[in-house]
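Some notes on the structure that comes next.
Computed from the coordinates by the stated procedures, all read-outs in this text should not be read as laboratory data. This is a predicted model, so every value here is computed, not measured. Cβ placement follows ideal geometry from the backbone for every residue including glycine, while neighbour counts extend to all protein chains displayed.
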Amino acid sequence: MAVSSEFFCENIVAFAQETQGCSHSSPVNEPHYHSVSNCEGGVQNSMPLVTQTRFHLSSEEEIKTLSLKQVPKKTQDATKWVLTTFNTWRESHNLHSSIKCPTDIFDRQDSATLNYWLKIFAVEVRKVNGEQYPPKTLYLMFSAILRYMRSINPEAPNILAKNNPAFSQLHNTLDGIFKKLRAEGVGATSKNAEPFTKEEENKLWKSGVMMGTDSPQALLNSFFFYNGKGCCLRGGEEHRNLRVSQFQRVEGGYIYTENA
């Protein structure tokens, strides 16, 4: 016989009223349920209640700690060193100048303020012995500053972007410093690394394929090899950024200057 939806709903409601006073226990870690009757459709759904026994309540400190674990320790140490150097410079500058560098410069992340003070920092910063940092170290210092600002705010302005007009004065200042340092020979000494022995190098030449002058590919490989060996280039980007202006002809050979 056919059973109408009205009859089905009436019986469910009656059963619920009879068992309303009954109690039962649930396992500690199981979610509790409550019933919602939809008499128009004749369907009864069970909805889980949110409990505190299932999910972990996190904290900002925990999230920060976990995110820092993704950053190599050497990178963290380098960032801390740059921040310490910057804070030491700021204290010294504020002590001897009437124009004070704000202590929250990296927190406010205002482009005009950053452009003004970072170019001054680039000109004034020195090693403990009073000497200037080489171009590559200076560039890495500004990379660490950007890395720190991005850790505070992922949308922090990119102080190293050449196409960002807000930092054009900073870039012009850095370019002037790098040019001056290179002219003075600061940072012009390359590492004497020998990744290949003389015997291994001779094997490459004898192959005629890996290195040589008989084919365009062999010639390109030879240039790549000696650029990496002589200039101590450590990646494809450094090879692509290599410029003729980084070589200075002197008596008996050339002086190579690292590109920042």
(message) For a Förster distance of 41 Å, can you work out the FRET efficiency between the beta-carbons of T75 and Q248, rounded to the nearest 0.05?
(response) 0.80
(request) Taking every Cα atom in segment 198-256, find the radius of gyration and the maximum pairwise distance Dmax, and write them in Å. (result) 13.0, 34
(request) Take the Cβ-Cβ distance between Y148 and Y226 as r, set R0 to 35 Å, and report the resulting FRET efficiency rounded to the nearest 0.05. (result) 0.40
(message) I need the phi-derived Karplus couplings for segment 237-244: 6.51 cos²θ - 1.76 cosθ + 1.60, θ = phi - 60°, integer Hz, Gly and Pro marked x.
(response) 5, 5, 5, 5, 8, 5, 10, 4
(request) Please give the length that would be gained between A161 and T103 if that part of the chain were fully extended, namely 0.36 nm times their separation in residues minus their C-alpha to C-alpha distance (nm, one decimal). (result) 18.5 nm
(request) Could you compute the FRET efficiency for D110 and K206, with r as their C-beta to C-beta distance and R0 at 45 Å, rounded to 0.05? (result) 0.15
